[in-house]
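First the structure, in the form of structure tokens, and then the observations on it.
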Amino acid sequence: QVQLVESGGGLVQPGGSLRLSCAASGSIFSINVMDWYRQAPGKQRELVARIISGGITNYADSVKGRFTISRDNGKNTVYLQMNSLKPEDTAVYYCRVIVDGTIRWGQGTQVTVSS
């Protein structure tokens, strides 16, 4: 059984920073794609950032230049460094990982950007 455990959310003022982590554990042979999604109240879940094997990344236009996705393959962990946060970044953030061909979702972590 594979589990994803997220951490790092919280309340931050506009312009501040947070780092999210998502660690996969259990019986894992390979992880190809690691994503961060977010869902704001009343909105659809959207892809924020993606990192694939080899380290290739892509980002939603709304976070380019402010967010950085990275991964530690030895720890089966994906990170999302979020800088220059804005109120519109407020959402529940979910990691999504393809483990051995199966899509797994984290439980979600709340990020609130407010003064």
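General remarks:
- Residue among Leu18, Leu47 that is at negative phi, free of Cβ contacts under 8 Å to residues at least 24 places away in the same chain and out of contact with any Lys or Arg (no Cβ under 6 Å at 6 or more places or on another chain): Leu47
- Here region 33-59 is the region considered, the condition is being small (Gly, Ala, Ser) and under 21 Å from Val113 (Cβ atoms), and the residue that is modelled with the lowest pLDDT is Gly42.
- Scope region 8-50; condition more than 17 Å from Val97 (Cβ to Cβ), under 15 Å from the mean Cα position of the chain (by Cα) and basic (Lys, Arg); matching residues: Arg19
- Criterion violated by Gln13 - all others in (1) open to solvent by less than 80 Å² (accessible area, probe 1.4 Å); (2) in contact (Cβ under 8 Å) with a residue 40 or more places away in the chain satisfied: (1)
- All positions within region 69-88 that are modelled with pLDDT of 95 or more and more than 15 Å from the chain's Cα centre (by Cα): Ser84, Lys86, Pro87, Glu88
- Scanning region 33-50 for residues that are among the charged types (D, E, K, R) and open to solvent by 60 Å² or more (accessible area, probe 1.4 Å) yields Lys43, Arg45, Glu46, Arg50.
- When residues of region 89-98 are limited to those that are closer than 12 Å to Asp35 by Cβ and surrounded by fewer than 21 Cβ atoms within 10 Å (Cβ to Cβ), the one modelled with the lowest pLDDT: Ile98
- Tallying residues that are modelled with pLDDT of 95 or more, open to solvent by 20 Å² or more (accessible area, probe 1.4 Å) and more than 21 Å from Ser84 (Cβ to Cβ) within region 18-32 yields 1.
- Among all positions in region 51-68, there is at least one residue which is hydrophobic (A, V, I, L, M, F, W, C), part of a strand (DSSP E or B), over 12 Å from the mean Cα position of the chain (by Cα) and surrounded by fewer than 19 Cβ atoms within 10 Å (Cβ to Cβ).
- Members of region 101-115 that are farther than 22 Å from Ser17 by Cβ and open to solvent by 70 Å² or more (accessible area, probe 1.4 Å): Ile103, Arg104, Trp105, Gln107
- Here Phe29 passes the criteria (1) over 18 Å from Asp72 (Cα atoms); (2) in a loop (DSSP other than H, G, I, E, B) except the one numbered (1).
The values are calculated or read from the model by the stated rules, or taken from the named source; none is laboratory data. Since the model is a prediction, treat every value here as computed from it, not as a measurement. Using ideal geometry, Cβ is built from the backbone for each residue, glycine included, and neighbour counts are taken over all protein chains shown. Just so you know, the surface numbers come from the protein's heavy atoms only, side chains and all, with ligands and any DNA or RNA stripped out. Shrake-Rupley method; radii C 1.70, N 1.55, O 1.52, S 1.80 Å.
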